[in-house]
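In what follows, a single structure is set out as structure tokens and then discussed.
The values are calculated or read from the model by the stated rules, or taken from the named source; none is laboratory data. Every value quoted in this text rests on a predicted model; they were computed, and no experiment measured them. Cβ placement follows ideal geometry from the backbone for every residue including glycine, while neighbour counts extend to all protein chains displayed.
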Amino acid sequence: MTYVYILQSLDGEHYYTGGTDELRGRLADHNAGKVRHTRKHMPWRMEAYVGFTDSKQAWAFETYLKTASGRAFARKRL
């Protein structure tokens, strides 16, 4: 299963959207400072995630969530 996830920093001001096959391990990586893009705003909590059996659909959804309309969708629906 492939997951698309949204993280929120504990300061409540920063969000990060990503995809992975190992959800718990990826969150641990973010909170351990192993991910360059999220290191500055640690710690993180899982805001939402969606599981896909088809990885192509997962990566397409992740790409969509990183657009302006995708961010609006996530704020309203996820």
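Please state which one of T20, T67 is within 11 Å of the chain's Cα centre (by Cα) and among the polar types (S, T, N, Q).
Matching residue, one of T20, T67: T20.
Checking the structure you have, find out if any residue of segment 39-48 is under 19 Å from L78 (Cα atoms) and either at pLDDT below 95 or of a type in the set (F, W, Y) (or both).
Looking through segment 39-48, at least one residue is under 19 Å from L78 (Cα atoms) and either at pLDDT below 95 or of a type in the set (F, W, Y) (or both).
Only residues in segment 17-31 that are in contact (Cβ under 8 Å) with a residue 40 or more places away in the chain count as the first member; pair them with residues that are surrounded by fewer than 17 Cβ atoms within 10 Å (Cβ to Cβ) and not β-branched (V, I, T), Cβ under 7 angstrom, at least 6 apart or cross-chain, and list the lot.
Sorted first by the residue in segment 17-31, then by its partner, the pairs are T17/K66; G19/W59.
Given the options K34, K66, K76, K56, name the one that is at pLDDT below 95 and out of contact with any helix residue (DSSP H, G or I) (no Cβ under 8 Å at 6 or more places or on another chain).
K76
Restricting attention to segment 1-42, and to residues there that are of a type in the set (D, E) and out of contact with any strand residue (DSSP E or B) (no Cβ under 8 Å at 6 or more places or on another chain), which single residue is surrounded by the most Cβ atoms within 10 Å (Cβ to Cβ)?
Only one residue fits best here, namely D29.
Out of the helices (runs of 4 or more DSSP H) lying entirely within segment 20-78, which hold 2 or more residues that are closer than 11 Å to L7 by Cβ?
Here the list reads 23-31.
When you check F73 against the structure, is it among the aromatic types (F, W, Y) and under 23 Å from A28 (Cα atoms), yes or no?
no
Working only within segment 45-55, note down all residues that are surrounded by 14 or more Cβ atoms within 10 Å (Cβ to Cβ) and more than 10 Å from the chain's Cα centre (by Cα). Walk me through how you get there before you give the answer.
To start, the set of residues in segment 45-55 that are surrounded by 14 or more Cβ atoms within 10 Å (Cβ to Cβ) comprises 46-50, 52.
Result: F52, single match.
Would you point out the residue of segment 56-74, among those that are among the small types (G, A, S), free of Cβ contacts under 8 Å to residues at least 60 places away in the same chain and farther than 12 Å from G18 by Cα, that is surrounded by the fewest Cβ atoms within 10 Å (Cβ to Cβ)?
Here the answer is A68.
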